[in-house]
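Quick notes on the structure that follows.
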Amino acid sequence: MADAVGPPVCINDTLTDDELRSILSRLESDKDKEVFGLVCKRWLHLQSTERKKLSARAGSHMLSRMAARFTRVLELDLSQSVSRSFYPGVTDSDLAVIAEGFKCLKVLKLQNCKAITDRGLALIGGGLPSLQSLDASYCRKLTDKGLSAVADGCHDLRSLHLAGCRFVTDGLLFSLSRNCKNLVELGLQGCTNISDSGLADLVNGCQHIRFLDINKCSSVGDVGISKVAEVCSSSLKTLKLLDCYKVGDESIFSVSKFCKNLETLIIGGCRDVSDESIKSLAAACKNSLKNLRMDWCLNISDSSLSCILTQCKNLEALDIGCCEEVTDAAFEDLRNGEIEFSLKVLKISNCPKITVSGINMLLNQCTSLEYLDVRSCPHVTKAGCDEAGLVFPQYCKVNFTGSLSEPDVLV
């Protein structure tokens with residue numbers, strides 16, 4: 001006799017919400033998670049409430065509907081494209097909806113939202129106390145007033161990026177120091193009103209900075225950088241000082257003395273930096289340094305570059321463009337064959353004293369090279385390299401004329 005067939009079982013009657021959430025959490029692709037929500041209204045509701053990241057365009061009505069549907073969103077990206085921005089884009093009214101509707105938000109990205117003002121930022125500061133990361137780069141109307149309101153209201157802020165916000169001054173750094181003790185990442189590229197005094201105020205309270213970008217902050221000099229290096233000695237891993245022309249050897253000596261865990265240093269355009277401080281950097285950070293940019297450091301020569309190449313065994317990217325005193329001699333110590341070399345990106349454009357011979361010495365020890373920039377090196381041409389029988393690593397792109405896109409690791 002055949003077994004009796006029971007009544008059909010509905011999966012929604014069998015699985016609880018927690019069990020369905022467990023299934024959803026195991027789906028890896030965003031597409032699969034979207035398909036999950038198409039099964040029925042219940043599954044759509046669960047999929048919506050479990051959504052953690054959103055990218056959206058501006059519009060208060062749309063943002064209100066999204067806030068009602070996606071109640072547990074942690075990351076919201078409203079950044080606008082530089083090349084395809086739309087007018088007026090994100091406004092203070094949109095920020096009011098975000099402050100009221102996305103109470104769980106921890107990450108907010110507002111890059112190139114040029115219409116927002118201090119009024120909108122003040123609403124964010126008052127409405128999102130759990131915010132940990134804010135990127136308002138190139139929001140050019142913002143001043144210390146609105147950003148200080150964020151610092152006053154978001155005490156757990158850990159990452160703040162404000163590249164191109166030219167009205168930012170030392171006053172904001174004082175507010176961050178007083179209110180945001182957990183800050184570890186700060187980007188201030190092009191904020192030319194920042195000074196040594198502001199950096200000193202910053203690290204009086206924010207003593208665990210890991211990433212500091214003050215590229216093109218032309219008012220910053222040795223006093224401020226030395227203070228940061230001393231206070232944040234154990235935490236600092238990335239320091240960007242592009243075109244900070246007041247920065248010189250004193251800063252590099254301080255970094256060498258205190259920051260033994262430094263991984264990335266950008267000092268392009270710091271023309272007062274010389275061989276002696278770079279030698280100290282090579283010795284102090286030989287186990288940690290991965291990325292070094294020192295293009296247009298005109299006092300750099302073979303002796304310091306040789307120290308970098310032979311001592312910094314974990315170095316992955318190096319830019320010495322326009323260091324006109326560097327010659328093939330910088331690579332001679334590589335010929336002993338005892339150095340384990342992990343260099344992937346090397347930029348030596350506009351170094352007129354480097355020849356095919358120097359490149360050959362480098363290639364003999366650098367089998368992992370992925371990008372080599374030799375533009376405007378009169379003695380290093382494709383024809384010359386071919387004639388000398390140079391063999392580049394299989395996947396290495398060699399930029400002889402500027403026709404190749406550059407990696408952004410040293411930006």
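Readers should treat all values here as calculations from the given coordinates under stated rules, not as data from a laboratory. Please read these numbers as outputs of a predicted model, since none were measured by experiment. Positions of Cβ are backbone-derived with ideal geometry, glycine not excepted, and every protein chain shown enters the neighbour counts.
Quick notes on this structure:
- For Ser197 and Ser218, the difference between the fully extended length at 0.36 nm per residue and the C-alpha to C-alpha distance is 6.2 nm.
- FRET efficiency estimate (nearest 0.05) - Cβ-Cβ, Ser376 to Asp30, R0 45 angstrom: 0.55
- More than 29 angstrom apart: percent of Cα pairs within the chain: 56 percent
- Here's the list of lysines a cross-link from Lys52 could span, going by alpha-carbon distance under 24 Å and ignoring same-chain residues fewer than 8 apart: Lys31, Lys33, Lys41, Lys103, Lys106, Lys109.
- Label separation (Arg335 vs Ser234): 4.6 nm, computed from points 7 Å beyond Cα along the C-beta direction.
- Computed magnitude of the charge dipole of region 258-411 (debye, nearest 20; Cβ of K, R +1, Cβ of D, E -1): 260 debye
- Note on region 138-244: Cα-only Rg and Dmax are 12.1, 35 Å.
- Taking 19 Å as the cut-off, the amide N atoms of region 229-270 that come nearer than this to a point 7 Å along the Cα-to-beta-carbon line of Glu276 belong to 246-258, 270.
- For Gly402, net neighbour charge (Lys/Arg +1, Asp/Glu -1) across residues whose Cβ lies under 14 Å away: +2
- Val411 paired with Ala56, simple spin-label distance in nm, labels 7 Å along Cα-to-beta-carbon: 2.7 nm
- Sequence-distant lysines (8 or more away, or on other chains) whose Cα lies within less than 30 Å of Lys260: Lys181, Lys216, Lys227, Lys237, Lys240, Lys246, Lys279, Lys286, Lys290, Lys313, Lys344, Lys347
- Extension gain for the segment Thr169 to Ser342, taken as residue separation times 0.36 nm less the Cα-Cα distance, is 58.3 nm to one decimal.
- Across the chain, Cα pairs under 8 Å and at least six residues apart give a relative contact order of 6 percent.
- Two-site FRET efficiency, Arg69 against Arg119, from Cβ-Cβ distance with R₀ of 25 Å, rounded to 0.05: 0.40
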